[in-house]
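Colleague: Here you go, one structure.
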Amino acid sequence: LLKSEASGSSLINAKSILGKYERDRKPIASQNAALSVRNYQRTLRIARACYLDAQHPQLLIKLLDSPPINFLPLHSRREMFQKLVQVAMMPLRSLEASSTASKSLHANYIESNVRA
């Protein structure tokens, strides 16, 4: 009887400790999750301001895997993919200019989008 009472007592103690831990940590976990979602949304907003979309690579792959393009040799499709990615990255390359005076109108527009 004493053995079962002792194990029952320690089980109740463990449950109360876990309950207290959950009550103390849950608000912090909720705050961290909300911050993570906010940061993710900010990242997406900045990507959109730079004319980038996470779906673009998948769209390119789908295009290159559909007829008549998929009849081309794989190395040709890879080259096409690489060239199309280079074209898609052109707006970001316009940001590389060292001074504001030498930046393109497009680069200034991207910067204003990001700052907004």
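The values are calculated or read from the model by the stated rules, or taken from the named source; none is laboratory data. Please read all numbers here as calculations on a predicted model, not as lab measurements. As a convention, Cβ positions derive from the backbone with ideal geometry for all residues, glycine included, and neighbour counts pool all protein chains shown.
Colleague: Modelled with pLDDT of 80 or more and closer than 21 Å to ARG115 by Cβ: which single residue out of ARG42, ARG78, ARG23 fits that description?
Modeller: ARG42
Colleague: Just for helices (runs of 4 or more DSSP H) wholly inside the range 13-116: which have at least 3 residues that are of a type in the set (D, E, K, R)?
Modeller: Once the helices (runs of 4 or more DSSP H) in the range 13-116 are filtered for at least 3 residues that are of a type in the set (D, E, K, R), what remains is 74-93.
Colleague: Within the range 95-110, identify whether any single residue is in contact with a Lys or Arg (Cβ under 9 Å, 6 or more places away or on another chain), modelled with pLDDT of 90 or more, surrounded by fewer than 15 Cβ atoms within 10 Å (Cβ to Cβ) and among the hydrophobic types (A, V, I, L, M, F, W, C), and answer yes or no.
Modeller: Within the range 95-110, none of the residues are in contact with a Lys or Arg (Cβ under 9 Å, 6 or more places away or on another chain), modelled with pLDDT of 90 or more, surrounded by fewer than 15 Cβ atoms within 10 Å (Cβ to Cβ) and among the hydrophobic types (A, V, I, L, M, F, W, C).
Colleague: So which residues in the range 42-63 are surrounded by 13 or more Cβ atoms within 10 Å (Cβ to Cβ) and within 25 Å of ARG78 (Cα to Cα)?
Modeller: Passing the criteria: ALA47, CYS50, TYR51, LEU52, ASP53, HIS56, PRO57, LEU60, LEU63.
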